[in-house]
Structures are given as structure tokens and as C-alpha cells.
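Inspection log for the structure reproduced underneath, given as C-alpha cells.
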Amino acid sequence: MRNVTIALDAMGGDLGPHISLLAAAKSLQLYPELSLLIVGNQSQLLPLLKKHQLVDHPRLRFIHADNFISMEDNPIHALRHVSGSSMHIALDLVAQGEADACVSAGNTGALMLLAKQALKMLPGISRPALVSGLPNNCAGHTYLLDLGANLQCDSDTLFNFAIMGSVLCEKVEQLKWPTVALLNVGKENNKGSDIIKRCADLLKQTKHINYIGFIEANELFSCKADVIVTDGFSGNIALKSYEGMGLVFLEQLDKAINTNLYSKLLGKLLKPILKKQLKHLHPDMYNGASLIGLRGIVVKSHGSANEIAFSYAIEQAIKEIQWQIPASIAKKLEAVLSERDCLSHE
């Protein structure tokens, strides 16, 4: 694998910059081909860099930022009035070609607006989508988008999401012909809004997407579809419900194991096996949502991510760099647009 450089917005997130630096140290150990550009406030970060013995690391460079965007900041205000933030600089490093990707745990709305401004959209795409590969029942991943970047979407936007999600899944999961479904309130053709129905018609007409129809929420992670497309409102609710249920299940299992002496003894035997088999249900294990549709690679970490979770976001960025996701999406979009032109002239 070729050497890669990632710009890391070290000031984003709820738990402070020490999390991003712990993840940086871990990632540099795991990936000898990785270099990091750490962007943040010098007075806050230099003591932490010294603490984690990163000041003189040959594959790490620190870049000072005067400002940072908080989780409470209005995204539009941040776009127009907060200059020189760590998020701004990290994205500009990608735009200027100094970094191959940006990773941030900061304000999602601000990240989307600033990324659109700095990196621009791919031809034919009007909005980026937030997507993540979530663990399914087949020990693989189901890619769900949008996860909250676009609360309302028209048919064409959902159609574009299907293209982008299909390409991402195909490359990262190495699937030749990933199946794509639309999240709906029923499987019948007459169910759902006019927007969903029209998007279904568009997907049926293209030969570039392996569209299999509607899917309901109870089948999101049943392996019936590799990619599931919906608007950001429904997608975010589905994601948070999945994360919450995973944590409830793990907590209830721990309580059951510690109910009485017999269960505790049995738990000592079973806990290592169960922990190995079920660890993928914890939200930390699939942290790192990709903002796709841009001309560059941007990965959004959970704001509350710990160092393990944040390192998974860095890993996701490395995978997307490896498979050149923006270029792959652009190539697929070109084929789809050409197909549409042919159909319109028939």
C-alpha cells in the first residue's frame, strides 16, 4: 500500500483533544505507511504531544489553528464568521493536496458545509451523504445512508445516494455487485411517499445499480441488502436506534451473567467467547461515517468517541484513500449520466 497522509482535526469532539492524540499514536503504530497532520491550538496540544511522545515523531507534523468550531456553533455562522479553525485548516490541507483525507469528530453540520466549500462536489452531485458500514447478521457490513447530513431529500438525491453507497460498498467490502434497497414503510410497490416511489422507478431503469426493491426497518441488518438508502432524518433515527439497542443488549447480557453464583461461574467460561463474538455490536467498533459525494475524502467520527473508536475512523479514511473512493464514484456517475442521456434521446 502506498504512503498516505491524513489531516486530523484534533479540536473536534466532546471529550477533548487528548482522545484524538491517543488515537493518532495508536494509528501510527498500526500503519507504518501513515503520516498525520495534527491541526489544533498550540497551547492545548503541545503538552499532550509531549506527554504521548509525539513531538519528534518522523511521521507527524503539527499545524497551529487559532480557532475551533464547537458542537454548539451554528454551522452557517461557522461557515461565514469563524475563520482559521482547525476544521477549516484540515479540510484546506486536503483541498491543496497536502493530505489525502480529513478526519474530524467535530460539529457535523459545520463539517458538511465547510467540506462542500473547500473540496467542492463531484459532477452530478448536489449534496454529500453521510454513510457508515454497520455490522449485520452475516458477519459483514450493511451500508446505510444518509445518516443525518440531509434531513429531507428528493428522488434524484436519493438516487445519487444509491450510486455512491454502491460504489463505496463495492470497493471497501470487495463485493462485485452489491445489492441496493430503499428503506420504506412496506415492500409493496404502492407503499411509501411519491419521492420514494419515483426513486424506485429511477433505480429500476439503470443497469449500473443492483436494485432489489423496498426494505423495512426490521430487516435493516438481515443481510437482504448490502446498501440501504433513505433520507437523513430516517437514517439518523435508524442509526441511533441500532446503537442504543446494541448497548442495551450488551448491558442486559452482563446483568444476566452476574445474577447469581451459578450464572457467575458459567459466565466465567462463556464471557471470553461472548465478548469476542459480540464486540462488534458496540458503537465504538463501527465508528467513522464517510461524507461522500465530495472531490476529497472526509470521515466524521462520533463526537463522544474514545481513542479506540477514533482510531477506527482513521482506519476508514485509510481504506477510502486506498480504493480512491471519490474517483470511483465519479467514474460510476459518468456512466449513469451517459445512460440517462441515451434514454432521453430514445
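The values are calculated or read from the model by the stated rules, or taken from the named source; none is laboratory data. Source: prediction; values computed, not measured. Neighbour counts are summed over all protein chains in view; Cβ atoms, including those assigned to glycine, are modelled from backbone coordinates with ideal geometry. These area figures cover heavy atoms from the full protein model, side chains too; ligands, DNA and RNA do not enter into them. Shrake-Rupley method; radii C 1.70, N 1.55, O 1.52, S 1.80 Å.
Of Met71, Met112, the residue with the largest accessible area leads and the full order is Met71, Met112 (1.4 Å probe). Under the convention that each Lys and Arg Cβ holds +1 and each Asp and Glu Cβ holds -1, the size of the dipole of the stretch 129-267 around its Cα centre is about 280 debye. With r defined as the distance between the Cβ atoms of Phe233 and Asp66 and R0 fixed at 35 Å, what FRET efficiency is calculated, to the nearest 0.05? Between Phe233 and Asp66 the formula returns 0.50. Reported to the nearest whole Å, the Cα centre-to-centre distance from the stretch 326-340 to the stretch 228-243 is 26. Counting only protein heavy atoms and using a 1.4 Å probe, what share of the accessible area of the stretch 185-242 belongs to carbon plus sulfur, as a whole percent? That share works out to 50 percent.
Per residue, the solvent-accessible area of the chain (1.4 Å probe, heavy atoms of protein chains only, all protein chains present) comes to 48 Å².
By the Kirkwood approach, averaging reciprocal distances over each pair of separate Cα atoms, the stretch 1-143 gets a hydrodynamic radius of 16.1 Å. Legend: residues Glu188, Glu315, sorted from most to least accessible area (1.4 Å probe; ligands, DNA and RNA excluded), read Glu188, Glu315.
Sorting the segments 61-67, 179-185 by their mean number of nearby beta carbons within 10 angstrom, highest to lowest, gives 179-185, 61-67.
Normalising by residue count, the chain has a Cα convex hull of 155 Å³ per residue.
Quote the FRET efficiency, to the nearest 0.05, computed for Asn190 versus Gln117 with a Förster distance R0 of 51 Å and r equal to the Cβ-Cβ distance. Using R0 = 51 Å, I get an efficiency of 0.80. Amide H to amide H distances under 5 Å link Gly213 with Leu182, where only residues 5 or more positions off or on other chains count and H is placed in the peptide plane. Residues whose amide H lies under 5 Å from that of Phe68, counting only those 5 or more places away or on a different chain, are Ser86; hydrogens are built 1.01 Å from N in the peptide plane. Full extension of the segment from Ser126 to Arg198, taken as 0.36 nm per residue of separation minus the current Cα-Cα distance, would add 24.1 nm. In the context of the full protein assembly, Asp201 retains an accessible surface of approximately 80 Å², using a probe radius of 1.4 Å and ignoring ligands and nucleic acids.
Using 0.36 nm per residue and subtracting the Cα-Cα separation, the extra length available between Leu261 and Glu216 on full extension is 12.0 nm. The label-point distance for Cys223 and Ile76, in a model that sets each label 7 Å from Cα toward Cβ, rounds to 4.7 nm.
Length gained on full extension, Lys51 to Leu30: 5.6 nm, using 0.36 nm per residue less the C-alpha separation.
Using the rule -39500 (n - 2.57) for each DSSP H run of four or more residues, divided by the residues of the chain, the 222 nm mean residue ellipticity is -15500 deg cm²/dmol. Taking every C-alpha pair closer than 8 Å and separated by at least 6 residues, the mean separation divided by the residue count of the chain gives a relative contact order of 22 percent. The antiparallel fraction among DSSP beta bridges confined to the chain stands at about 25%.
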